[in-house]
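Quick notes on the structure that follows.
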Amino acid sequence: MRSREVGLLGLGALCAAAVSFGAGGCQPEGNTRPPGWSDGPDRATGQGGSGAGTASSGEGGRRDDEGAATTGSAGEGGSGTEDPPAARLTTIEEITTGAVGEGVDVEVKGVVAMSRKWLVSKSRSSGSCLWGVFLSAPDITVTEANSGILALSYGTRGVTDDRGNVVCPDIEQEPAGDAFPDDVKPGDVIDVTGRTSYYSPSDCDQQPPEANPTRVKQRQLANVTLVKRTGTAPVPEPRAFSGEEIAKLGAPGDPDGEKFHDAWGGVKVRVAGPLKPTLQGDMQTVVGAYGNIVLAGSELRVGDKMYYVQGSTNACDQAPDYPSTDIEWARIDGFSTLDYCTWSLQPSNKCADFDPAGKDCTDGLICE
């Protein structure tokens, strides 16, 4: 997350102290799941603070315990030594409606990037680093059902630091090594080759009820091996949800659950207010200890996994700061996506995607 800051000094230094008081957005490495999750041994979280996904060994095969993807690929970084199989030309809608089955090599042309590239997951056991970009169908002005998808690509393996944590490349300082350009941004028009996937972690049915686990999978474009940037286009505005519709975004499933999440998973949407938080923890805070905001009534979780960066001192990389519990949002924008086993809303910009933003988004702070 890039930023321009004026008059904000030392905000990141407060994180260590805040952890001891249960403040939101200060997540220790390897422990970014909400209370009640059972991750199992030898899993590591990604850059996103609210549970960015987990990974296990076996780089070429399906990862049933991984937080975001996938089926196997020709190799990490999107540059296998063998020629990839011929890809079927298709559309995002054909993937998300199931018209194209799982595990099919496909190419989507002229799609629009809806987000920057972000670290979806990393693995302690294998050191893999999985990067993602949300994509939109072309030629729309407002997002629609079946118009969006999360695309995923493996990059350069991370290195293990002296505390045993896997550190993936910082794309503002070194190449990530995956198929997506490191500087991909909303509005880029790209052609993408990857493999269709219909994924959720295998242990969602073992999670406790308070974790609001789902059995509804997410349709993805996994194992991206080739990306070609061809131009730019206007970014579609997010489709607005209100009232009972908002609850469907966080619902683990209902008679229409699979159809609904197939249609809206991977799509940028707007939840329209008035919205109030469900206060969390013993201290009754707006932002929970793992970076999640829970909306009252719908119980939709709003996370920080796209922009939270472990150890960063940049205020743009931290969870929103809402010191007062008397907060009411007019709207929150984000991507409908699985956060491990929970359907959630994930904003990509802590300042622009919340109205009102947290108090740390004042005094000239602009997150890009």
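The values are calculated or read from the model by the stated rules, or taken from the named source; none is laboratory data. Only a predicted model underlies this, so the values are computations on that prediction, with no experimental measurement involved. So basically every Cβ, Gly included, is an ideal-geometry build from the backbone, and we count neighbours across all protein chains shown. For the accessible areas, the whole protein counts, side chains as well, though only heavy atoms, and no ligand, DNA or RNA atoms are used. Shrake-Rupley method; radii C 1.70, N 1.55, O 1.52, S 1.80 Å.
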Just to be sure, is Gly253 without any contact (Cβ under 8 Å) to a residue 40 or more places away in the chain, more than 20 Å from Ala352 (Cβ to Cβ) and not hydrophobic (A, V, I, L, M, F, W, C)? yes
Which count do you get for residues in region 122-136 that are of a type outside the set (S, T, N, Q) and over 17 Å from the mean Cα position of the chain (by Cα)? 2
Residue check, Thr225 against (1) modelled with pLDDT under 90; (2) over 19 Å from the mean Cα position of the chain (by Cα); (3) not hydrophobic (A, V, I, L, M, F, W, C), all met but one. Which one? (1)
Residue satisfying condition, being of a type in the set (D, E, K, R) and at pLDDT 95 or above, within set Lys268, Lys248, Lys217, Lys259: Lys268
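Matching residues to (1) among the β-branched types (Val, Ile, Thr); (2) out of contact with any strand residue (DSSP E or B) (no Cβ under 8 Å at 6 or more places or on another chain); (3) open to solvent by 20 Å² or more (accessible area, probe 1.4 Å):
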{"site": "Val133", "(1), (2), (3)": "yes, no, no"}
{"site": "Pro138", "(1), (2), (3)": "no, no, yes"}
{"site": "Gly164", "(1), (2), (3)": "no, yes, yes"}
{"site": "Pro169", "(1), (2), (3)": "no, no, no"}
{"site": "Arg195", "(1), (2), (3)": "no, no, yes"}
Val111 fails exactly one of (1) touching a Pro at 6+ places or on another chain (Cβ under 7 Å); (2) open to solvent by 10 Å² or more (accessible area, probe 1.4 Å), namely (2)
If we scan region 116-129, do we find a residue that is open to solvent by 70 Å² or more (accessible area, probe 1.4 Å), at negative phi and without any contact (Cβ under 8 Å) to a residue 60 or more places away in the chain? no
Exactly one condition in (1) closer than 26 Å to Cys168 by Cβ; (2) in contact with a Leu (Cβ under 8 Å, 6 or more places away or on another chain); (3) modelled with pLDDT under 90; (4) open to solvent by 30 Å² or more (accessible area, probe 1.4 Å) is false for Arg301; which is it? (3)
Can you pull out the residues in region 140-162 that are over 16 Å from Glu93 (Cα atoms) and either touching a helix residue (DSSP H, G or I) at 6+ places or on another chain (Cβ under 8 Å) or buried (at least 24 other Cβ atoms within 10 Å of the Cβ) (or both)? Leu152, Ser153, Tyr154, Gly155, Thr156, Arg157
Among (1) in contact with a Lys or Arg (Cβ under 7 Å, 6 or more places away or on another chain); (2) part of a strand (DSSP E or B); (3) within 25 Å of Ile332 (Cβ to Cβ) - the single one Arg219 does not satisfy: (1)
Number of positions in region 123-137 that are touching a helix residue (DSSP H, G or I) at 6+ places or on another chain (Cβ under 9 Å) and assigned to a loop (DSSP other than H, G, I, E, B): 2
Answer residue from region 316-368, given it is of a type in the set (A, V, I, L, M, F, W, C) and in contact with an Asp or Glu (Cβ under 7 Å, 6 or more places away or on another chain) and is most open to solvent (accessible area, probe 1.4 Å) among those: Ala330
Please go through region 273-298 and give me each residue that is among the aliphatic types (A, V, I, L, M) and open to solvent by 30 Å² or more (accessible area, probe 1.4 Å), ordered by number. Leu279, Met283, Ala289, Ala296
Would you list the strands (runs of 3 or more DSSP E) that sit entirely within region 255-348 and hold 2 or more residues that are among the β-branched types (Val, Ile, Thr)? 268-275, 329-339
